[in-house]
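Scroll down for the structure; my scribbles are underneath it.
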Amino acid sequence: MKFVDEFRDSTVIRELVEKLQNFSFATPVNIMEVCGTHTVSIHRFGLHRVLPENVKHVSGPGCPVCVTPNEYLDMAIALARMEGFVITTFGDMMRVPGSRSSLEKENASGADIRVVYSPMDALKMAENEKDRTFVFLAVGFETTAPGIAATVKEAKKLGLKNFYILPGNKTMPQALKALIDDPEVKIDGFLLPGHVSTIVGSNEYRFIPEDYGIPCAVSGFEPADILMGFISILRQIKEGKPSVENTYLRSVRPEGNIVAKAIMKEVFVPCDSEWRGIGVIPDSGLDLAPDYMDFDIRRKVEIEIEEPVEYPGCRCGEVLKGLVLPPECPLFGKVCTPENPVGACMVSSEGSCSAYYKYG
Amino acid sequence: MDKILLSHGGGGKKTQALLKEVFLQSFGAGELSKLDDGAIFDSYVISTDSYVVNPLFFPGGDIGKLAASGSINDVVSMGAEPLYMSAGFIIEEGFPVSDLKRIVKSLADTIKSIGVELITGDTKVVEKGKCDGVYINTTGIGRIVKELSVERIRPGNLVVINGNIAEHGLSILLARNEYGISSGIKSDCMELWTLIRPALELDIRFMRDATRGGLAAVLNEVVSSDWGIELYQDKIPISEEVKGMCEMLGLDPLTVANEGKMVIFVSEDDVEKLIEILRKHPGGKDAEVIGRVVDDVKGRVVEKTVVGTRRIVDMPVGEGLPRIC
Amino acid sequence: MCLGVPMKIVEVKGDSALCEFSGSKREVSLKLLPEAKVGDYVIVHAGFAIQKLDEKDALETLKMLQEAGII
């Protein structure tokens, strides 16, 4: 696998691990990663176990499924129960518990819920089955949002009247700012998400070192990539010179993907958005722009849901802020397990609770 | 558990919960409670399985070959020589006879090739829409050649697999064309008797065929409270095609189904001979030692990563769903 | 979120392309990367090519980052 295997090569990895372990810190250092694929990769390769003493890896709000509030899922479930509706979704959302049900359970009860690889696949289904109403669950950060925007644009071009989205996309820089501004949160360095950065560009994060003095490294997802990111952050901390360094050279440019950003800007407008466990963050969500509003399913049908409920005792919120590690939650591994998840951090395979449970 | 979900059939934790909450509640202790792939009576083994694969024809096989080899392999995994089989067919009204002929011939060819005889059977036809083409149940009966048991596994024993993993599960995904991906991956569906027979002279402790839920499910089912298993991430045989498709869909190949893979626990003394024997057979040319029974982790499967660290390999939860995010 | 794989463009058809990764092929939209050509390696996420990959291998990346004093 070109661009994959070489970044998993054991000689390269050994050299980087050695370099990483040469750092030493007398006081605790917290490095936060804000991408579910980073979470999975770090646990799958056990990279959190090679960090030098006093350096801790914490997973922030980087899994879009985990930060999606119950209310969103409750709405998706309500839509799934409507006559003639087809819900199309990424596989990640299937087992996420809403307040009272999940898409998987609705599917078992006869709802038409289809897992797709791409929003374009959902669009094609809508084109082929004009007698049914298709709703695509639009979740994800800037990596995913441009593709959804392009799909909505295509739906408009085709004049499709049976394709809608349930807007739920979120944007990362605003969330990082809110997180840093939270006085409880103490982060000494950010491992920035390689594919979000591929779209938005590494320049987008310059406020983090410039306004807050926190070192950042943009990193890819293979073990060597992540190790290079860790090294960059620790070196910056040692030198006391915070900046945004890019270790994902093959994919990330300072300006990002200009075409993708333009499509996103054309189709979406920023809105306040609720992040599970964190609360509402101003301008951190994406709603459809006036020209594309007709594709918002919430404007087509009235979606009635009961008051959303959260499980008492679930510490997902604190986990997402990096305040506690998953095993510190009283529900972890007891009431809350991957087969019977309570909080969303357990259900998504990218969730930090799930990664801790599965990989240790 | 109030309703049966598809993930209850995935072979992972939810399947275990279903068996315990519903079946063992009614049947209680006894041979069934071992939840083995088959049962032993006198010096014989009996094993039954139902096949509901969709689509019925897939790259590398079809439901007939699958129904034959699946029950044969369950018998073989108990250390027995497969001798007889029964088959029950549930057929949907309107199903083409030509397809049925192909399926039956494929089942027949597979069992005849190793001298197994079909000694009884049944057919039922159900109304259109009540089943998906054809469902088959087969029961295999075999005579015990070598007594194997999970109790005979000891720390220091090695874990061997006869070849590339995760091919069957992906071939089914490809045949369903759900995610628009095309690839040359073929199901590994095959009978394992001819492969395993010559190896039964060796000091084999235990065997299991790694079907639904993949390697991760099988290994998690066997670990005991006294020992665990350490896998070597870089030794597990996986084809480049399978690796690639798993990366694309975010699937863990350890949790994807096989239909022609035996996981064999063998003593260290005999491991080289075992690998040599397996590699002589086309179904074992990629055989590898993939791990070791250890006592510094108990009741757990861990994997030694390329980084040199250990990660936990957990029992998969349900059906593998592609991860995009 | 954001699983992405480096795929090679085999054939361009209008604003989509047939891409290949380790033996798996899939049609991928080029709406976010209109300049992509046959032979390019691109990062694909959820059916969209999101960036053209700079063909630096691991050793080159390492060397460049070392020279820049980053690692």
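The values are calculated or read from the model by the stated rules, or taken from the named source; none is laboratory data. Quick caveat: nothing in here was measured; it's all calculated off a predicted structure. Note that we place each Cβ from the backbone using ideal geometry, even for glycine, and neighbour counts take in every protein chain shown. Side chains are part of the model used for accessible areas, which takes the heavy atoms of the whole protein and leaves out ligands, DNA and RNA. Shrake-Rupley method; radii C 1.70, N 1.55, O 1.52, S 1.80 Å.
One line per residue, one yes/no per condition, for (1) crowded, with 22+ Cβ neighbours inside 10 Å; (2) within 11 Å of chain B (Cβ to nearest Cβ):
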{"position": "A:LYS2", "(1), (2)": "no, yes"}
{"position": "A:PHE7", "(1), (2)": "yes, yes"}
{"position": "A:ARG14", "(1), (2)": "no, yes"}
{"position": "A:PHE25", "(1), (2)": "no, no"}
{"position": "A:ARG44", "(1), (2)": "no, yes"}
{"position": "A:HIS48", "(1), (2)": "yes, yes"}
{"position": "A:LEU51", "(1), (2)": "no, yes"}
{"position": "A:GLY62", "(1), (2)": "yes, yes"}
{"position": "A:CYS66", "(1), (2)": "yes, yes"}
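So in region B:263-274, with the set limited to residues that are assigned to a helix (DSSP H, G or I) and hydrophobic (A, V, I, L, M, F, W, C), which one is surrounded by the fewest Cβ atoms within 10 Å (Cβ to Cβ)?
Per the stated criteria, the residue is B:VAL271.
B:GLY260 passes every criterion in (1) closer than 21 Å to B:ARG152 by Cα; (2) not in a helix (DSSP H, G or I) apart from (1).
Only residues that are out of contact with any Phe, Trp or Tyr (no Cβ under 7 Å at 6 or more places or on another chain), within 14 Å of chain C (Cβ to nearest Cβ) and in contact (Cβ under 8 Å) with a residue 12 or more places away in the chain were counted across region A:151-168, and they come to 4.
Checking region B:49-63 against the condition returns a match, with at least one residue being part of a helix (DSSP H, G or I) and of a type outside the set (Phe, Trp, Tyr).
Note on region A:336-350: residues that are surrounded by fewer than 23 Cβ atoms within 10 Å (Cβ to Cβ) and closer than 11 Å to A:GLY36 by Cβ total 0. Filter region A:103-135 for residues that are within 14 Å of chain C (Cβ to nearest Cβ) and assigned to a helix (DSSP H, G or I); which is surrounded by the fewest Cβ atoms within 10 Å (Cβ to Cβ)? Taking the candidates together, the pick is A:LYS124. Find the residue count for region C:37-50, including only residues that are of a type in the set (A, V, I, L, M) and open to solvent by 10 Å² or more (accessible area, probe 1.4 Å). The qualifying residues number 1. Scanning region A:216-242 for residues that are open to solvent by less than 40 Å² (accessible area, probe 1.4 Å), more than 17 Å from A:MET172 (Cβ to Cβ) and not in a helix (DSSP H, G or I) yields one hit, A:GLU222. Within the set B:PRO55, B:PRO96, B:PRO59, B:PRO82, the sole residue that is outside the structural domain of B:MET207 (by TED's automatic domain parsing) and buried (at least 20 other Cβ atoms within 10 Å of the Cβ) turns out to be B:PRO82.
Among the residues of region B:180-206, those that are open to solvent by 20 Å² or more (accessible area, probe 1.4 Å), over 19 Å from the mean Cα position of the chain (by Cα) and in contact (Cβ under 8 Å) with a residue 12 or more places away in the chain comprise B:SER183, B:GLY184, B:PRO198, B:ASP203.
Tell me, which helices (runs of 4 or more DSSP H) lie completely within region A:296-360 with 3 or more residues that are closer than 22 Å to A:TYR72 by Cβ and more than 18 Å from the chain's Cα centre (by Cα)? Helices (runs of 4 or more DSSP H) meeting the threshold: A:297-300. For region A:244-303, taking the residues that are on the phi > 0 side of the Ramachandran plot and touching a residue at least 60 places away in the same chain (Cβ under 8 Å), the one that is surrounded by the fewest Cβ atoms within 10 Å (Cβ to Cβ) is identified as A:ASP283.
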